[in-house]
Amino acid sequence: MGVSDYVRAAFGVERVAVWLAAGVALAVVVLAVGASGAGIVDPPTASFDGSYDADTHTVTITHAGGDTVSAAQLSLVVTDEAGTNVATVNWSEDGSERLAPGGTLSLDDPTIDTDGDGDYFDADRTVGFPLTAGVTVEVRWTGRPLGAAGAQTVTLDTYEVGAN
């Protein structure tokens, strides 16, 4: 077998066609991931509202409008009035949910058993300190904006208990 046979085997028409097809398939996958929001995206434009139930010490954060957001990229950073207690709560537990306007997440604290079942954690998520006047809740998005070298965190909105 001569050199020309090796070259033909390595770079033959069949191989070139296979490599070309693989390259096109890879380009389609890269474009699809970018378009789906699973890859490189800009921070969303979204607003959030908060409400507080003083009887149950429950804060409810509602997606008030704007872009639908991957719930896996959202977290709530809850800080007490003195700034000594901070809790970070993930919006999504499984990471597959898309959050559209109208979606909510409720937080409670371990001081009130709202439904009287002996379990003090009655909301969607809980924090380890009282949710009272002066507590702030920041809605944060973490992702990789277009052109950024790595992940960035952006505060989308802030709610303060008792400020409204």
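The values are calculated or read from the model by the stated rules, or taken from the named source; none is laboratory data. Note that this is a predicted model, so its numbers are computed, not measured. All Cβ positions, glycine included, derive from the backbone under ideal geometry; neighbour counts span all protein chains shown.
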(message) Looking only at residues that are in contact (Cβ under 8 Å) with a residue 60 or more places away in the chain and under 19 Å from P44 (Cβ atoms) in segment 86-138, which one is surrounded by the most Cβ atoms within 10 Å (Cβ to Cβ)?
(response) V137
(request) For V154, state whether it is in contact (Cβ under 8 Å) with a residue 60 or more places away in the chain and of a type in the set (V, I, T). (result) yes
(request) With respect to T142, determine if the residue is touching a residue at least 12 places away in the same chain (Cβ under 8 Å), surrounded by 12 or more Cβ atoms within 10 Å (Cβ to Cβ) and over 13 Å from the mean Cα position of the chain (by Cα). (result) no
(request) Select, from V127, V137, V154, the only residue that is within 27 Å of T68 (Cβ to Cβ), of a type in the set (A, V, I, L, M) and modelled with pLDDT of 95 or more. (result) V137
